[in-house]
1. Return the residues of the range 92-123 that are surrounded by 14 or more Cβ atoms within 10 Å (Cβ to Cβ) and among the small types (Gly, Ala, Ser); say none if nothing qualifies.
2. For residue 209, are the conditions met, namely being in the same structural domain as residue 188 (by TED's automatic domain parsing) and either modelled with pLDDT of 90 or more or touching a helix residue (DSSP H, G or I) at 6+ places or on another chain (Cβ under 6 Å) (or both)?
3. Within the range 80-99, does at least one residue satisfy the condition of being acidic (Asp, Glu), within 29 Å of residue 137 (Cβ to Cβ) and within 17 Å of the chain's Cα centre (by Cα)?
4. Residue by residue through the range 7-52, note down the ones that are closer than 17 Å to residue 215 by Cβ and either of a type in the set (Ser, Thr, Tyr) or not assigned by TED's automatic domain parsing to the domain that holds residue 184 (or both).
5. Kindly indicate the residue of the range 284-304 that is in a helix (DSSP H, G or I) and modelled with pLDDT under 75 and also farthest from residue 194 (Cα to Cα) among those meeting that condition.
6. Got at least one residue in the range 163-170 being charged (D, E, K, R), in the same structural domain as residue 40 (by TED's automatic domain parsing) and surrounded by 15 or more Cβ atoms within 10 Å (Cβ to Cβ)?
7. Inside the range 168-256, counting only helices (runs of 4 or more DSSP H) that do not spill past its ends, which hold 2 or more residues that are free of Cβ contacts under 8 Å to residues at least 40 places away in the same chain and aliphatic (A, V, I, L, M)?
8. Can you find a residue that is closer than 23 Å to residue 311 by Cα, in contact with a Gly (Cβ under 9 Å, 6 or more places away or on another chain), buried (at least 16 other Cβ atoms within 10 Å of the Cβ) and assigned by TED's automatic domain parsing to the domain that holds residue 306 anywhere in the range 275-288?
Amino acid sequence: MTIALKADGLSKRYGRTLAVAGVDLAVEEGEIFGLVGPNGAGKTTTLKMLATLLVPSNGDAEIGGHSVRREPDAVRSVIGYMPDTFGVYDDMRAWEYLDFFGRCYGMSAARRRQMIGDLLELVDLADKRDAYVQSLSRGMQQRLCLAHALVHDPQVLLLDEPASGLDPRARVELRELLRELRALGKTILISSHILPELEELCTSVAIIDRGRLLASGRVDEIASRFRLGGVYRARVIGDGAAIAAAESHFAAQTDVVSVVRQSSGELEFALRGEDDIAANVLAGAIRAGIRLSAFAPAASDLEEIFLQVTESAHEART
């Protein structure tokens, strides 16, 4: 596969603060690649360097074969960037907003007319062509911002927290739109702290925390690389005190990475190993007098993988 975006040792320092510490990325053409991490992890700074809005302190990146350091204008011609805050002008109509950016790219009037019609259709805003931007819902404004990033038909899209603040329906609509863009041949790098959204959408992910890239690849590959075990759920028989005692017991086990009490009262915990570890943990709970009515694997998700990888990184630092 052809690499659409490659970063080598990408770093950004502000005085004594190292915001991004030597990030390496390789995103293949046609991927929806998720940059995963909590707020403040360095995702936005990384995207801004890739979008040529910030000059890296160290390292470099290539997008479409062009260096973000040496060829920023060439990079801008092949990327579409959508920041984490709206870049819309309230006193414009939807078509005027896109026409403005078409003019910025030097498009002819005929080409702009075609582009506006095509993009409004693509983002399902054709019926809002003459509506003022300020009258649009947040989800519609978000789709219009995405249309803006597509004005010059870029090869690569850099999207910073595009689902932030959207209601569930708008998130579903955005997710389907991104899948459609991938089907049209776009490569998409999307950052988010909303991990379930990325899990349903992305072909690969990179986990970043405190400015450092901890892991990169497909979710199952990351789990295998870090030798991460399964996620299990246990249903404890008894009152709140019994559940609390069981929670403390599981948390104290060396093979248990994390324990979370669900709203249902069930305990969900991640293990470091496979079935034999789960068997040992179950046997230990029984010996400790914990009464369980259920003990079974839970569906592992990106949130659990993130928790396990970051926990492993924290243990390595300490």
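1. Hits for the range 92-123 are 94, 102, 117.
2. yes
3. yes
4. If the condition is that a residue be closer than 17 Å to residue 215 by Cβ and either of a type in the set (Ser, Thr, Tyr) or not assigned by TED's automatic domain parsing to the domain that holds residue 184 (or both), then 46 is the only one that fits.
5. Ranking the candidates gives 304 first.
6. No: the range 163-170 contains no residue that is charged (D, E, K, R), in the same structural domain as residue 40 (by TED's automatic domain parsing) and surrounded by 15 or more Cβ atoms within 10 Å (Cβ to Cβ).
7. 168-183, 240-251
8. Within the range 275-288, one or more residues are closer than 23 Å to residue 311 by Cα, in contact with a Gly (Cβ under 9 Å, 6 or more places away or on another chain), buried (at least 16 other Cβ atoms within 10 Å of the Cβ) and assigned by TED's automatic domain parsing to the domain that holds residue 306.
The values are calculated or read from the model by the stated rules, or taken from the named source; none is laboratory data. Fair warning: this is a prediction, and the values are worked out from it, not measured in the lab. Quick reminder, even Gly has a Cβ in these numbers, built from the backbone with ideal geometry, and neighbours come from all protein chains shown.
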